[in-house]
Amino acid sequence: MKKLISLIALSFCVSLSAHASLISDTINGEIQNDFGGNIDQQFSSNAVVDSNTEFTGTYTDVFNSIWNFNVDFDSDSLVLNIMGSSDWANVRMSDSVYSVLKFSFTDLDWGVPVQSLALTGYSCVSTGFSCDVRELIGIDNVNILDFTNNEILIGLNGLYHGETYKFTINGGQVPVPESSSLLLLLVGLFAVMLKCSLIRKK
């Protein structure tokens, strides 16, 4: 009986600290082309989330520049890296929401409800012109077009050599019970253990 109670308590404590995670899950990805050019290497389906890069793809734009994409998922985030044979391409100056390319990820099971996805990191290793263009046109180069508990859709308005975007989910932690509820549980467990001990003595 003591072992059973200890197991219940341990399971409860583990559940308190549970976070959203895709580790070891099988997910799907797809590059969607709405602007022209050609997708030379589509993302592979059924990628297992681990310490390695889950998705790689290649796209040739209308200017015949070649772009390579790497997407690496972690427990609560994803990193999109872009490498191109030219500094930049397909920049469209507009205030509307649009995308040159879209990146779709489905079959996501975070393990707990999550509320939102946010851009939490951006860097560009290109020198000279390409990184300056993003600031010059005055619009965000990336749009989170859709986000649900099992799907992410990200759109890019332009492609820049050496860009890296990091997106992180928000709200992926199991709510911790109030202290009064936790106290009641501990008192109940103690009472059961005490009763079992008295029964054995008889």
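Considering only residues that are closer than 17 Å to Y160 by Cα and without any contact (Cβ under 8 Å) to a residue 40 or more places away in the chain, look in region 40-62 and name the one that is least open to solvent (accessible area, probe 1.4 Å).
Per the criteria, the residue is G57.
What is the residue count in region 102-121 for residues that are aliphatic (A, V, I, L, M) and at pLDDT 90 or above?
Total satisfying the criteria: 4.
Show the residue pairs meeting these rules: Cβ distance below 9 Å; 6+ apart or different chains; first residue within region 63-74 and assigned to a strand (DSSP E or B); second residue open to solvent by 60 Å² or more (accessible area, probe 1.4 Å) and among the acidic types (D, E).
These pairs meet every condition: I66/D40; F73/D50.
The values are calculated or read from the model by the stated rules, or taken from the named source; none is laboratory data. Everything quoted here is computed from the prediction, not taken from an experiment. Here the Cβ is made from the backbone with ideal geometry for all residues, glycine too, and neighbour counts use every protein chain on show. For the accessible areas, the whole protein counts, side chains as well, though only heavy atoms, and no ligand, DNA or RNA atoms are used. Shrake-Rupley method; radii C 1.70, N 1.55, O 1.52, S 1.80 Å.
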